[in-house]
1. So, in the range 1-56, exactly how many residues are among the aromatic types (F, W, Y) and under 15 Å from the mean Cα position of the chain (by Cα)?
2. I'd like the residue in the range 58-99 that is more than 17 Å from R11 (Cα to Cα), surrounded by 12 or more Cβ atoms within 10 Å (Cβ to Cβ) and of a type in the set (S, T, N, Q) and, out of all such residues, is modelled with the highest pLDDT.
3. Only one of these is in contact (Cβ under 8 Å) with a residue 12 or more places away in the chain, surrounded by fewer than 18 Cβ atoms within 10 Å (Cβ to Cβ) and farther than 18 Å from S71 by Cα: L14, L41. Name it.
4. Answer yes if at least one residue in the range 62-82 is more than 17 Å from the chain's Cα centre (by Cα) and not in a helix (DSSP H, G or I), and no otherwise.
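The values are calculated or read from the model by the stated rules, or taken from the named source; none is laboratory data. The model shown is predicted, which means the values in this text are computed figures rather than measured ones. Here Cβ is always computed from backbone atoms with ideal geometry, including for glycine, and neighbour counts include all displayed protein chains.
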Amino acid sequence: MSISDRLREERKRLKLTQQAAADQAGVSREMWGRYEKGDALPGGEPLLGFALAGANIQYVLTGHYTDQALSGYEQELLRLFRAADTGTRAAILTLLNGIVRPSPGTEK
């Protein structure tokens, strides 16, 4: 399976039209069609936009699925966490540790 095949597969998994995927990627619908046909390869910016829509870009590029892909919420949480100062990070972790209970069998 090629990058273009996996790109199309991810778009369909996300239930996006070609136009919606193109909008997320910041390209024209025609360019998106070229990506899916294999006539062109998307660069970093279109792939980033597609990733922010929930696409697993590691899978698109390598063909290997992992459960490591972050949702949009997780990406935003990580972005904000990284931008926070050390005290805020510590407070967030303390808060989450106090309210989140691990599922049985998932304790570290």
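1. Within the range 1-56, residues that are among the aromatic types (F, W, Y) and under 15 Å from the mean Cα position of the chain (by Cα) number 1.
2. Looking at residues that are more than 17 Å from R11 (Cα to Cα), surrounded by 12 or more Cβ atoms within 10 Å (Cβ to Cβ) and of a type in the set (S, T, N, Q), I get T88.
3. Numbers: L14 fails: farther than 18 Å from S71 by Cα.
Only one candidate passes the filter, namely L41.
4. No, the conditions are met nowhere in the range 62-82.
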